[in-house]
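S.K.: Handing you this structure, nothing more for now.
Values in this text are rule-based calculations from the coordinates and carry no lab data. This one's a predicted model, so the numbers in the text were calculated from it and none came from an experiment. All Cβ positions, even for glycine, are placed from backbone atoms using ideal geometry, and neighbour counts span all protein chains on display.
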Amino acid sequence: MKLAKPRHRVMAASLDFIIFLTISLLFFFTKIPFIVSAIFRPSAQVDAGIIFDVFRAGVVVMTFLVIYFVAIPYYLDGQTLGKKVFRLKIVNEKNNKPSIGELFLREIIAKVFVDFLSLGLTIVVSFIIMTNREDYRSLSDIIAKTKVIDLYEEENI
């Protein structure tokens, strides 16, 4: 199995991010004026209903995050929509379909949670690790014991 090149992984991840961000913004679109108002005028009285609506939208977005980056790859044999377009696939170290636990560890814990805690610094570190390893594995791949393979290269062999 041919390992996916970093540039292909970045392009697929960028497409996934655009898809996720676009759909997420649909949930928050009507809440944006209230969020901006609360940030720039914190002394302004904020209605409890608005807070609940923003919280509820956040829960919906987090649920969508898990569905898009964990459930969809689990049911689409290791592929998000971005990976499908760029013909990439997540597999475990034994080249098998990753389990739901491996995907959750890779996408939610190793990416979202760790990136949030590091204020995005681990995204840069992960890219540096990925581009300097022979197996092109990122930090989240190392943590979850997964790798990304290139299906296009596999078809042309």
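S.K.: Could you tell me the number of lysine pairs in segment 71-157 with C-alpha atoms less than 15 Å from each other, where the two lysines are 8 or more residues apart or belong to different chains?
M.R.: 12
S.K.: Moving on. Around Ile109, with a cut-off of 14 angstrom between Cβ atoms, what is the net charge of the other residues, counting Lys and Arg +1 and Asp and Glu -1?
M.R.: Details: positive: Arg106, Lys111, Lys145; negative: Glu102, Glu107, Asp115, Asp141.
With Lys, Arg at +1 and Asp, Glu at -1, the net is -1.
S.K.: Another question about this same structure. Amide H neighbours of Leu3 under 5 Å, at least 5 residues apart or on other chains, H built in the peptide plane: list them.
M.R.: Here the answer is Asp150, since their amide H atoms fall under 5 Å of that of Leu3.
S.K.: Please check the chain for the longest run free of trypsin sites (Lys or Arg not before Pro) that are loop-located per DSSP (anything but H, G, I, E, B) and have at most 15 other Cβ atoms within 10 Å.
M.R.: Working: sites that count: Lys2, Lys94, Arg133, Lys145.
That would be 3-93.
S.K.: Angle, helix 121-132 long axis vs. longest principal axis of the chain, Cα atoms, 0 to 90°, nearest 10?
M.R.: Around 10 degrees separate the two axes.
S.K.: So how tilted is helix 48-66 from the main axis of the chain? Cα-based, degrees 0 to 90, rounded to 10.
M.R.: 10
S.K.: Taking the Cα centre as origin and putting +1 on Lys and Arg beta-carbons and -1 on Asp and Glu beta-carbons, what dipole magnitude results for the chain, to the nearest 20 debye? Don't jump to the answer; show the numbers that get you there.
M.R.: Values: 19 positive and 15 negative charges, 23 e Å.
With only Lys, Arg, Asp and Glu charged at Cβ, the dipole is about 100 debye.
S.K.: Also: Name the GluC sites (Glu not before Pro) in segment 82-157 that are in a loop by DSSP and that have at most 15 other C-beta atoms within 10 Å, would you?
M.R.: Those satisfying the criteria are Glu93, Glu134.
S.K.: With the Cα gyration tensor of segment 6-155 in hand, convert its eigenvalues to equivalent ellipsoid semi-axes via √(5λ) and list them largest first in whole Å. It would help to have the intermediate numbers written out before the result.
M.R.: Details: eigenvalues 223, 53, 37 Å².
Listed largest to smallest, the semi-axes of segment 6-155 are 33, 16, 14 Å.
S.K.: Any idea which of Val91, Phe29, Leu139 is furthest toward the positive side of the dipole for segment 7-157, if Lys and Arg beta-carbons carry +1 and Asp and Glu beta-carbons -1?
M.R.: Comparing the listed Cα positions along the dipole, Phe29 ranks first.
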